[in-house]
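Encoded as structure tokens, the structure appears first; notes follow it.
Every number in this text was worked out from the coordinates using simple rules, so none of it is lab data. Predicted model only: the values in this text are computed from it and were never measured. Methodologically, a virtual Cβ is constructed for each residue, glycine included, from the backbone with ideal geometry; neighbour enumeration extends over all protein chains shown.
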Amino acid sequence: MVNKVVTFIAVSIFVFVFAVCSYGQGNYVDSPPQTVTGQVSAKDWVGSMISVRWMQTQGIISYDEITIFVPDSAQITLHGKSIGLLEIQAGDMVKVDYINTSPGPLKALSITVMK
């Protein structure tokens, strides 16, 4: 009897560990690229994130804000020249091409600073 209980517990633990390890290993497909044009409202250079405030004009004029992760691979340009994330300031107008890496963050592909 004790041997059956130990076997049951061992199998249960194995199944649980397998299920936990398998969760999140799904084949997530990035969404098609999207574009937002707006003003940088905040920048977190440590976390490589920017927040962009953009105007939404569906019926009533309103504003929305999104936060986007900026990986090292993102192309950041100003007047056609490559710049770094540190050179982007709050208040700068930007055009950001990004993808939704759900369940992860929005991820920038390119940023064009329009000064």
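Worth pointing out:
- Förster radius 25 Å - calculated FRET efficiency between I83 and S62, Cβ distance, rounded to 0.05: 0.25
- By the compact-protein rule of thumb, 2.2 N^0.38 Å, the alpha-carbon radius of gyration of region 34-113 corresponds to a ratio of 1.05.
- Long-range amide H partners of D92 with built H, under 5 Å: V40
- About the centre of its Cα atoms, region 34-113 shows a dipole size close to 100 debye [charges on the beta carbon of Lys, Arg (+1) and Asp, Glu (-1) only; nearest 20 debye].
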